[in-house]
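Structure first, commentary second.
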There are 4 protein chains.
Amino acid sequence: MCRPRERRDQMSEHIGVGVVGLGYWGPNLLRVLTELPGVQVRAICDLDAERLNRFAQRHPSVRATSRLDDLLEDPAIAAIVIATPVFSHYEIAGRCLDAGKHTFVEKPLAASGEHARDLVRRAAEQDLRLMCGHVFLYSPPVRAIADLLARKGLGEIYFISSSRVNLGLHQRDVSVIWDLGPHDFSILLSWLGESPTSVRAIGRDSIVSGLPDVAFIDLAFASGVIAHVELSWLSPSKLRRTVIVGSERMIVYEDGGIEPLRIFDHGVVYRDPETFGEFHLSYRTGDIVSPKLDTAEPIALELEDFFGLIRRGRSRRRCARPTS
Amino acid sequence: MCRPRERRDQMSEHIGVGVVGLGYWGPNLLRVLTELPGVQVRAICDLDAERLNRFAQRHPSVRATSRLDDLLEDPAIAAIVIATPVFSHYEIAGRCLDAGKHTFVEKPLAASGEHARDLVRRAAEQDLRLMCGHVFLYSPPVRAIADLLARKGLGEIYFISSSRVNLGLHQRDVSVIWDLGPHDFSILLSWLGESPTSVRAIGRDSIVSGLPDVAFIDLAFASGVIAHVELSWLSPSKLRRTVIVGSERMIVYEDGGIEPLRIFDHGVVYRDPETFGEFHLSYRTGDIVSPKLDTAEPIALELEDFFGLIRRGRSRRRCARPTS
Amino acid sequence: MCRPRERRDQMSEHIGVGVVGLGYWGPNLLRVLTELPGVQVRAICDLDAERLNRFAQRHPSVRATSRLDDLLEDPAIAAIVIATPVFSHYEIAGRCLDAGKHTFVEKPLAASGEHARDLVRRAAEQDLRLMCGHVFLYSPPVRAIADLLARKGLGEIYFISSSRVNLGLHQRDVSVIWDLGPHDFSILLSWLGESPTSVRAIGRDSIVSGLPDVAFIDLAFASGVIAHVELSWLSPSKLRRTVIVGSERMIVYEDGGIEPLRIFDHGVVYRDPETFGEFHLSYRTGDIVSPKLDTAEPIALELEDFFGLIRRGRSRRRCARPTS
Amino acid sequence: MCRPRERRDQMSEHIGVGVVGLGYWGPNLLRVLTELPGVQVRAICDLDAERLNRFAQRHPSVRATSRLDDLLEDPAIAAIVIATPVFSHYEIAGRCLDAGKHTFVEKPLAASGEHARDLVRRAAEQDLRLMCGHVFLYSPPVRAIADLLARKGLGEIYFISSSRVNLGLHQRDVSVIWDLGPHDFSILLSWLGESPTSVRAIGRDSIVSGLPDVAFIDLAFASGVIAHVELSWLSPSKLRRTVIVGSERMIVYEDGGIEPLRIFDHGVVYRDPETFGEFHLSYRTGDIVSPKLDTAEPIALELEDFFGLIRRGRSRRRCARPTS
């Protein structure tokens, strides 16, 4: 098996890439990969012949195949990008890692925490990069908030409250928690840089028996932060709204809104909070700012991160760890 | 001791009333009582001489006293309205009931569930009316929703999600749950007509040690309804918003908003939800209506309810039962 | 030259159509025409060979040509749809009418009122249908309002106020009035069914000398209705909002909004308005309704109207007359 | 008659003031005057005995009279504040000026431009201060905008568009232009520091014959700025919104809104705007800021301005000149 260090030397100019799965999300990844500097798409793979043929015509210099082994056996392919159905992630990603390929898997990494942890372990053993695609982490407002938090711009973070609801598509085989929750959880863990010490949820399968379509989830963290996440496919109007409350500032992040990020220079001024009955509190309200956000494409940033991680052995942004 | 039936005969024309406590809320109750048909305020009572004097001047025909016994011993007073500090509710209401007076107590009924249940028991033993003043239950949008729910206008209720947050006044001696929560809990119990089978909360004392200023509370009911209540004194902007999702319609209630009540004729249309993997769901969106609401004053409705309850022995609206 | 009546017999099953101009809007018309029942696209025409070739490949059974005469000389083509640059409308539409073809021209009909009137006259002389494409007239909210007005649902219309502003694309060769104004004017004339008796405007060429980028336009109508239209490419945020005030109801129409149409059951109740100094006015506020709107595609409705007009000799909706 | 200079010496410590008119607005002025440093209310005057008596009881040390002459003849009264009905402004203010009193008149200064100009002339002749109370000029957002404009913070001002509409109280004897317009006109003239070169309006008396209840007003200024003002008592919802567009920044001011002032760091970047057909424009969008505004009471600032003007002979803020 070729060793990562040798591979890195070989691909001094371009990293050869294979793409597996051309259904809903795969074509987006393929489009960005073909335009990414330092990367060469060498092969695409899908079981659906018609779909494979369509993309083969657009990319005549790329090998099109329905056999994953064709990618795994190609020594010029150093990395594989997977966007297949969730149930197949574990097996396909495992075979890629076993073949010594760096591996990118669209979220979720696997259909269970056990499988996800096994993949992480196998990647570590072989010193291969394994990255799960949480594209929201690369969206401009989420990154701007991450930068602000890293600079302690909110002071101490007290709590986070998030709603991700709409009158939306029921998924056929996963609950609203698996459908919408990964966005919030990946974002929360990325911002806070810690895993929750407790997670508690209540939900209801209002429409389809056994398939929760609404859930209220509470998280507590060792730092003292508490978080609440409301998820629903059954709400009168669409809302993707996260409020972060800190001692110095507060943030409202509305994904898809005209002003997706608003920073409130508000806080509490207090004296002697321990002497009960004698404390004096007052509220400080300052300016409210909707900062201009950059317009870089999240998928491109995400894949640049993956390839940077391959080249330099580390990521600018950490991939959110799988939770059980 | 005079019996309720006898008292009702005596006051064929007017019910004599005493008001105890003229601090923050008492003057509102006094103002409405003086204008209420069929009611005569006979005495007011407060320990603060200056305050008592001020209201005595405005109401020269009403007896002003700092002794509660002056009210309890007056046979022409059939009902007493209490708006004193919370810690005194149990003792004062108990003395009123012992003296055979119908009793109205501003929320909360007492400072503990045990005390509240004891008052309920004593009122029942003497066949006296005991009512706790949850004025929100008489606000036009809450009543309109109650009427709609009573007519099954939402179909089956799936869940309720409520946020009551602001950058608001920290109370000195009660948590945000005791300060803001009674509004939501009294409203929820009134609408649903059932008590929760489980209640679970997470909160944080961000500013003052031991005094939670943010809380996320989940409730489950035997009917299958789940509810979530978010309470906070630490939020960038004021929000009093409750969403009720049913099988036929959905409601958004924003207290204090320009359109406090919006009814969404939205729902889910489905077929054969039990045959997993074969169900077909589609979303139905119809009109959205902001109904015109009546403009009756909630306090007047609330007190009319109390006196109607005395006269006819029952309430148009049930008083929310105290929860432990 | 074949006469309209004869042509109508010939095309008992399908009306043969030619499309001229495949730039920005033409492809949308072509796409809808190929799917419209009772219509057969026989030829497409564009001076740009590369562009023509691209659409020829997608529509192999359609003749592709850069010569307009190829369409005019084809007896199987009864109608021509024109989406070329504005300066060419008058000449191309004139040649189509001279060749005995029913003619559809994307807005504006011509670059001057004189030219527009000349085309209308020539179409009338030959009993040919000439229609100008004001697609907004077929959008669901505009149609819903037209239906409501036709039923006198607003009572007497008092006034209309419209804002169509954004931080938007300066056009290179037309002012904001010619760019955005046709939407408002076509809609207003269609709703009111009358032409203004006076039009007055003030504007400013803030950025490019000679090219107004903001304008305030007042219109008065013989019925007494007054209207105001604000147009701007220089506004902090996008707004497409029209308010219609009537004696019985009021309407707010926000194009592109989540609730594009809101109907306010509000009005004024008054007594004896002529006896000055003695009148009594009060305001009536009732429900506010956001009706569910149908989702038919406006372009398809527009073209169906054009072909229905050819078949039956009249339009379901009148084409807005050109204004000088 | 005593001369202003002498008076100024006399009142080295306090300026003696009389208040005429205690109806709707007068009590507000009286309340602020009694708390204003350096000012002593010596007399109040109203024709309504009951009303006069009520305020006399609250202010036992102030002379209460129904005779204006009692104020005019008092040498210790240097300034008179008038809040009587509009039709009486000209006569009362004229008598005050003739008696050598500095004079403050609630808006409008008089019922006609001719009368207003005559008062201005008479005040100037006697070197007396005459101020018209446009309290909106002292509201925090209007002042913050004035400061920003004075610093050229918006670059060149292109245009201003204002809407002041509601389903509101029809006045019995003045049109919507005289009722709501003074707010906008006083603010516009104050901000721009110039009078319009042309004013044009269209309106309609929808409800009461002869009394316009909706108006659209255009203004042009020598600097090139154009402005539009929409006024209406007949609108589905209340709106007080002014948009100011400049070359560097844009402002949205919503009176009474949660964020009354929002500053958009937006503009247009262009090259060679004179070479037609070759210019290149692009839009620049930066941060949006809702600045925290100060909370000083507008009436107090306004009256401080009046008394500062008396003491120092000039105003911090110019009184808006009357328009004919």
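Results for (1) of a type in the set (D, E, K, R); (2) under 29 Å from B:Ile160 (Cα atoms), shown as yes or no for each residue.
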{"residue": "B:Leu52", "(1), (2)": "no, no"}
{"residue": "B:Asp70", "(1), (2)": "yes, no"}
{"residue": "B:His102", "(1), (2)": "no, no"}
{"residue": "B:Lys107", "(1), (2)": "yes, yes"}
{"residue": "B:Ser112", "(1), (2)": "no, yes"}
{"residue": "B:Pro141", "(1), (2)": "no, yes"}
{"residue": "B:Leu149", "(1), (2)": "no, yes"}
Exercise. Could you list all residues from the range D:149-171 that are under 21 Å from D:His183 (Cα atoms), assigned to a loop (DSSP other than H, G, I, E, B) and aliphatic (A, V, I, L, M)?
Key: D:Leu169
Exercise. Output the residues belonging to the range A:201-223 that are at the interface with chain B (Cβ under 7 Å from one of its Cβ atoms) and either modelled with pLDDT of 95 or more or over 18 Å from B:Val269 (Cα atoms) (or both).
Key: A:Ile202, A:Arg204, A:Val214, A:Phe216, A:Asp218, A:Ala220
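Here's the yes/no breakdown for (1) in contact with a His (Cβ under 9 Å, 6 or more places away or on another chain); (2) at pLDDT 95 or above:
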residue	(1), (2)
B:Ile258	no, no
B:Asp272	yes, no
B:Thr285	yes, no
B:Glu304	no, yes
Exercise. Please list, ordered by first then second residue, the pairs with beta carbon atoms under 8 Å, 6 or more apart or interchain, first in the range C:84-102 and more than 18 Å from C:Leu22 (Cα to Cα), second in a helix (DSSP H, G or I) and of a type in the set (D, E, K, R).
Key: C:Gly94/C:Asp118; C:Gly94/C:Arg122; C:Leu97/C:Arg122; C:Asp98/C:Arg122; C:Gly100/C:Arg7
Practice problem: Answer with yes or no whether B:Val229 is over 23 Å from the mean Cα position of the chain (by Cα) and buried (at least 18 other Cβ atoms within 10 Å of the Cβ). | Solution: no
Exercise. Just need a number here: residues in the range B:155-169 that are surrounded by 21 or more Cβ atoms within 10 Å (Cβ to Cβ) and either out of contact with any Lys or Arg (no Cβ under 8 Å at 6 or more places or on another chain) or not hydroxyl-bearing (Ser, Thr, Tyr) (or both).
Key: 6
Practice problem: Quick one: which helices (runs of 4 or more DSSP H) lie wholly within the range D:50-148 and hold at least 1 residues that are touching a Leu at 6+ places or on another chain (Cβ under 9 Å) and either aromatic (Phe, Trp, Tyr) or farther than 20 Å from D:Gly313 by Cα (or both)? | Solution: D:89-98, D:113-125
Quiz item: Any idea which of (1) under 18 Å from the mean Cα position of the chain (by Cα); (2) among the charged types (D, E, K, R); (3) within 28 Å of D:Leu167 (Cβ to Cβ) is the one C:Glu156 doesn't satisfy?
Solution: (1)
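Got at least one residue in the range C:176-192 being closer than 18 Å to C:Ser139 by Cα, more than 8 Å from chain D (Cβ to nearest Cβ) and of a type in the set (Val, Ile, Thr)?
Yes - at least one qualifying residue is present in the range C:176-192.
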Quiz item: What pairs come up if the first residue lies in the range D:127-156 and is more than 22 Å from D:Lys107 (Cα to Cα), the second is modelled with pLDDT of 95 or more and aromatic (Phe, Trp, Tyr), and their beta carbons are under 7 Å apart, counting only those six or more places apart or on different chains?
Solution: D:Leu149/D:Trp191
Quiz prompt | Residues being part of a loop (DSSP other than H, G, I, E, B) and in contact (Cβ under 8 Å) with a residue 24 or more places away in the chain - total across the range B:37-49 | solution = 3
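Out of the residues in the range C:285-310 that are within 14 Å of another protein chain (Cβ to nearest Cβ) and in a loop (DSSP other than H, G, I, E, B), state the one that is farthest from C:Gly246 (Cα to Cα).
Out of the qualifying residues, it is C:Thr295.
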Quiz item: Looking at (1) more than 22 Å from D:Tyr24 (Cβ to Cβ); (2) at pLDDT below 95, which is the only condition D:Asp98 fails?
Solution: (2)
Practice problem: Within the range D:195-244, track down each residue that is in contact with a His (Cβ under 6 Å, 6 or more places away or on another chain), without any contact (Cβ under 8 Å) to a residue 24 or more places away in the chain and not charged (D, E, K, R). | Solution: D:Phe216
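Buried (at least 23 other Cβ atoms within 10 Å of the Cβ) and either within 20 Å of D:Ile145 (Cα to Cα) or free of Cβ contacts under 8 Å to residues at least 12 places away in the same chain (or both): does that describe D:Ile258? So that I can check it myself, show each step before the final result.
Working: buried (at least 23 other Cβ atoms within 10 Å of the Cβ): no; either within 20 Å of D:Ile145 (Cα to Cα) or free of Cβ contacts under 8 Å to residues at least 12 places away in the same chain (or both): yes.
No; evaluated as a whole, the condition is false for this residue.
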Practice problem: Would you check which residues across the range D:204-214 are within 17 Å of C:Val229 (Cα to Cα) and crowded, with 22+ Cβ neighbours inside 10 Å and list them? | Solution: D:Val214
Exercise. Would you point out the residue of the range A:232-253, among those that are more than 7 Å from chain B (Cβ to nearest Cβ) and polar (S, T, N, Q), that is surrounded by the most Cβ atoms within 10 Å (Cβ to Cβ)?
Key: A:Ser232
Quiz item: Right, D:Ala64: surrounded by 23 or more Cβ atoms within 10 Å (Cβ to Cβ), closer than 21 Å to D:Arg31 by Cα and modelled with pLDDT of 95 or more or not?
Solution: no
Practice problem: Check B:Val120 against each of (1) out of contact with any Asp or Glu (no Cβ under 6 Å at 6 or more places or on another chain); (2) buried (at least 16 other Cβ atoms within 10 Å of the Cβ); (3) under 16 Å from B:Gly26 (Cβ atoms) and name the one condition it does not meet. | Solution: (3)
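The values are calculated or read from the model by the stated rules, or taken from the named source; none is laboratory data. Keep in mind that what you see is a predicted model, and the values were worked out from it rather than measured. Every residue, glycine as well, gets a Cβ built from its backbone with ideal geometry; the counts of neighbours run over all protein chains shown.
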